[in-house]
Structure formats: structure tokens, C-alpha cells
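The values are calculated or read from the model by the stated rules, or taken from the named source; none is laboratory data. Here the structure is a predicted model, which is why all the values come from computation and not from measurement. Glycine also receives a Cβ, built like all others from the backbone with ideal geometry; neighbour counts cover every protein chain displayed.
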Amino acid sequence: MSSVVFVMIDGLRPDALDKANLPGLQRLKVEGAYTLRAQSVNPSITLPCHTSIFHSVPPSRHGIVSNEWTPQVRPIPGLIERLNQADKRCAFFTNWEELRDLSRPGNLAFSWYANESYNLAEGDRMVTDAALPYLQQGAFDFTFVYLGTVDSAGHAYGWMSDEYLQQAEAVDAELRKILDALRPDASIIVHADHGGHERTHGTEMPEDMTIPYFLKGAIIPAGHEIQAEVSLLDTAPTAAALLGVGAWKEWEGKNLLGVL
Ligand SMILES: [Zn+2]
């Protein structure tokens, strides 16, 4: 049975691929479809971005515009609710507690988190090591692996600083472990939520808004640079489609399988 793994590398800028040694991401460019010009949402802040990723609407619609969660005024079923309705088993592996609100209670089959380990240099290794046995077993239909330390390095040392690029290399090593653990029938989506400039992000500057985006799987062309515009809003309909589940009618993103 097919499955989808979604790996988030928080705060990764596309030009890091030129400046750092990132063989895992380079491998995804060769083995899958990608664009280095995908777009974040406004405000380009982690929780608004993730809420848009999982609900396929911009912050102006879901109403979460800071890293503080509030209930949606007009709730939209998100990717996890949609998959759960279709009897798909979903799991989260994260190191930032706020992400627990990306799905409503009762919809995840499994959730693992080590709060604030995104502030530790090895924080993403903790997440990856927790997820690997489940990925090897194909335990879940949809698995979200959140890697937060590149963003932390950006805030601490500056985006594109030596320390930031070193952390990107460390996280790429974790990504390679995930790629090696994937079962042959699994698809993988890897992207960032936003970029950054100086020691911050959240604006509509290109440095904050432009993100790298990668897809790989049996039905995804290899070595294909996506020419269509790609947005964070496209992830939920694409992941659902890869699992044979239709988009919710209010989702605004597109199924990227239709533009490859
Ligand atoms: Zn972020």
C-alpha cells in the first residue's frame, strides 16, 4: 500500500543548496521533481505557514497569524482530518509543541515530540531516530517529520551564516537516513515553510518567501524541475492525492501531480 512521508526543514532557503554540501537534497533533485522558487505565505512565520500547509488556505482565511494558536473562526477540515476520515493512519514526529494543533484531537494514530529539542544541535536527530523504525515498517499511511534546527540556527547566527549552513548539512544527513529508510512504495515531500534574512523572517521579502520544494515517488518524474508556480497551499491536496484521497472543497491549493 502506498504511503506518504512529509519532511519539513524549517527555515531552509533554496540558495543553501549552492552554499552547503547537501547530498540528500541534491539526490532528491535527481530522483524526483523539484522547484527552488516555491512560495511561502504571508506572514512567513512558522505556525501560520504550517496551518496553511495542513489546511490549504492562506493565513487570511485560517486566521492564525502568529506562533500562538487560536481556534479557527470558520474551521476547515485539514489534511489529517481528511485522511483520518478515509481511514488513513497518520503520525507526527516533531520537536516543537505548537505543531500539535495542526490536527484536531483524535485524528492522529501516533504522535511523538520532544519539546524545544529544536534548540539543540542534535534535536533533529532525536526526531529522525524516533521516526525511522516506523518508516522502515511502513507503519503509517502519512508521516510528518518536522526538523526545526535549521531555523534555530538562522535565528541564533543569521540566515546563510556558516553556522546556519553547517546545521543545514547536519539536517541533510538526517534526511538521507529518512530517504534510505523509505519503503519502495512510499512517496516523499520535502520542503521548507519560509526562508529568512539576517536573524529573522516573517516579511514578504523574497528571502523570506522563497522556499525549496521536492517530491519523489513512483508516479513522480525524476530529474524534473517544476515550471508551474508552487505554494505551501499545494502540499495538502498533493499528499491527499498520493494516498487516493480527494481534496476538501474549500482547499485553495492545487494537486501538484496535475502540473508535473
Ligand atoms: Zn519556520
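Screening Gly123, Gly138 for residues that are over 16 Å from the mean Cα position of the chain (by Cα), surrounded by 15 or more Cβ atoms within 10 Å (Cβ to Cβ) and within 17 Å of Gly11 (Cα to Cα) leaves exactly one candidate, Gly123.
Among the residues of segment 19-37, the one identified as in a strand (DSSP E or B), under 26 Å from Thr200 (Cα atoms) and of a type in the set (A, V, I, L, M) is Leu36. Taking first residues from segment 97-115 that are closer than 14 Å to Gly148 by Cα and partners that are assigned to a helix (DSSP H, G or I), the Cβ contacts under 6 Å between residues at least 6 apart in sequence or on separate chains come to Glu98/Leu47; Ala114/Met126; Asn115/Glu97. Confirm whether His55 is in contact with a His (Cβ under 8 Å, 6 or more places away or on another chain), farther than 19 Å from Leu175 by Cα and touching a residue at least 24 places away in the same chain (Cβ under 8 Å). Yes; evaluated as a whole, the condition is true for this residue.
Examine segment 156-166 for a residue that is surrounded by fewer than 16 Cβ atoms within 10 Å (Cβ to Cβ), on the phi < 0 side of the Ramachandran plot, out of contact with any helix residue (DSSP H, G or I) (no Cβ under 9 Å at 6 or more places or on another chain) and free of Cβ contacts under 8 Å to residues at least 12 places away in the same chain, and state whether such a residue exists. Yes; the residues of segment 156-166 include at least one that is surrounded by fewer than 16 Cβ atoms within 10 Å (Cβ to Cβ), on the phi < 0 side of the Ramachandran plot, out of contact with any helix residue (DSSP H, G or I) (no Cβ under 9 Å at 6 or more places or on another chain) and free of Cβ contacts under 8 Å to residues at least 12 places away in the same chain. If I go through segment 4-18 residue by residue, how many of them are of a type in the set (A, V, I, L, M, F, W, C), more than 14 Å from the ligand (Cβ to nearest atom) and part of a loop (DSSP other than H, G, I, E, B)? Qualifying residue count, segment 4-18: 0. Does any residue of segment 128-150 turn out to be at pLDDT 95 or above, farther than 17 Å from Val4 by Cα and β-branched (Val, Ile, Thr)? Yes, there is a match, as at least one residue in segment 128-150 is at pLDDT 95 or above, farther than 17 Å from Val4 by Cα and β-branched (Val, Ile, Thr). Each residue in segment 189-246 was checked for being charged (D, E, K, R), in a helix (DSSP H, G or I) and either within 16 Å of the ligand (Cβ to nearest atom) or more than 15 Å from the chain's Cα centre (by Cα) (or both), and 2 of them qualify.
Within segment 251-260, being in contact with a helix residue (DSSP H, G or I) (Cβ under 8 Å, 6 or more places away or on another chain) and in a loop (DSSP other than H, G, I, E, B) holds for Trp251, Glu252, Gly253, Lys254, Asn255. Across segment 118-167, the qualifying residues are those that are within 13 Å of the ligand (Cβ to nearest atom) and not in a helix (DSSP H, G or I), and the one among them that is nearest to His50 (Cα to Cα) is Tyr146. Checked against the criterion of being within 12 Å of the ligand (Cβ to nearest atom) and either within 18 Å of the chain's Cα centre (by Cα) or assigned to a helix (DSSP H, G or I) (or both), segment 53-60 has at least one qualifying residue. Among residues of segment 38-50 that are over 11 Å from Ala192 (Cα atoms) and outside any loop (DSSP other than H, G, I, E, B), those with a Cβ under 7 angstrom from a residue that is at pLDDT below 95 and more than 9 Å from the ligand (Cβ to nearest atom), sequence gap 6+ or separate chain, pair up as Leu47/Trp69; Leu47/Glu98. Scanning segment 104-157 for residues that are hydroxyl-bearing (Ser, Thr, Tyr) and touching a Gly at 6+ places or on another chain (Cβ under 6 Å) yields Ser117, Tyr118, Thr149. Report yes if Tyr118 is modelled with pLDDT under 95 and either in contact with a strand residue (DSSP E or B) (Cβ under 6 Å, 6 or more places away or on another chain) or hydroxyl-bearing (Ser, Thr, Tyr) (or both), otherwise no. So Tyr118 passes the test. Considering segment 171-188, and only residues there that are within 17 Å of the chain's Cα centre (by Cα) and small (Gly, Ala, Ser), the residue that is nearest to the ligand (Cβ to nearest atom) turns out to be Ala173.
Looking at this structure, is Gly78 among the small types (Gly, Ala, Ser) and away from the ligand (no atom under 16 Å from the Cβ)? Answer is yes for this residue.
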